[in-house]
């Protein structure tokens, strides 16, 4: 008979979904997994399925805003840029071009939005 899931699993589930990982039982923890302890005992592991990717960041922002980037109005696009910037999206190679394409705007527009964020 399988033990019921540890309460920590339910508590971290939204975080795991947001970062693109999975929870594994303590017995299934492998090298590279993140071990989570409870009262000094390993109870769960977190396996990162994906390295943080721009596509994942964009999908998360779209989910949080409730719309695809191309469908957002100007204020929504500016908010999306602010959210992506906070997540470090613009430190990734070719991110300006990729996000501009995803939004249906020019690279200059993205630079302008970022400039406005920095001025605040």
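The values are calculated or read from the model by the stated rules, or taken from the named source; none is laboratory data. Here the structure is a predicted model, which is why all the values come from computation and not from measurement. Methodologically, a virtual Cβ is constructed for each residue, glycine included, from the backbone with ideal geometry; neighbour enumeration extends over all protein chains shown.
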Next item on the list: Please indicate, with yes or no, whether at least one residue in segment 89-105 is under 30 Å from residue 7 (Cβ atoms) and not assigned by TED's automatic domain parsing to the domain that holds residue 12.
Entry: no
Check: Counting only residues that are exposed (fewer than 10 other Cβ atoms within 10 Å of the Cβ) and in contact with a strand residue (DSSP E or B) (Cβ under 8 Å, 6 or more places away or on another chain), which one in segment 1-44 is modelled with the lowest pLDDT?
Finding: 32
Check: Only one of (1) free of Cβ contacts under 8 Å to residues at least 40 places away in the same chain; (2) within 17 Å of the chain's Cα centre (by Cα) is not met by residue 99, so which one is it?
Finding: (1)
Notebook entry, point to check: In segment 91-105, which residue that is in contact with a helix residue (DSSP H, G or I) (Cβ under 6 Å, 6 or more places away or on another chain) and outside any helix (DSSP H, G or I) is modelled with the lowest pLDDT?
Noted result: 92
Next item on the list: Hey, could you check segment 45-64 for residues that are surrounded by 12 or more Cβ atoms within 10 Å (Cβ to Cβ) and either touching a strand residue (DSSP E or B) at 6+ places or on another chain (Cβ under 7 Å) or modelled with pLDDT under 85 (or both) and say which is farthest from residue 19 (Cα to Cα)?
Entry: 45
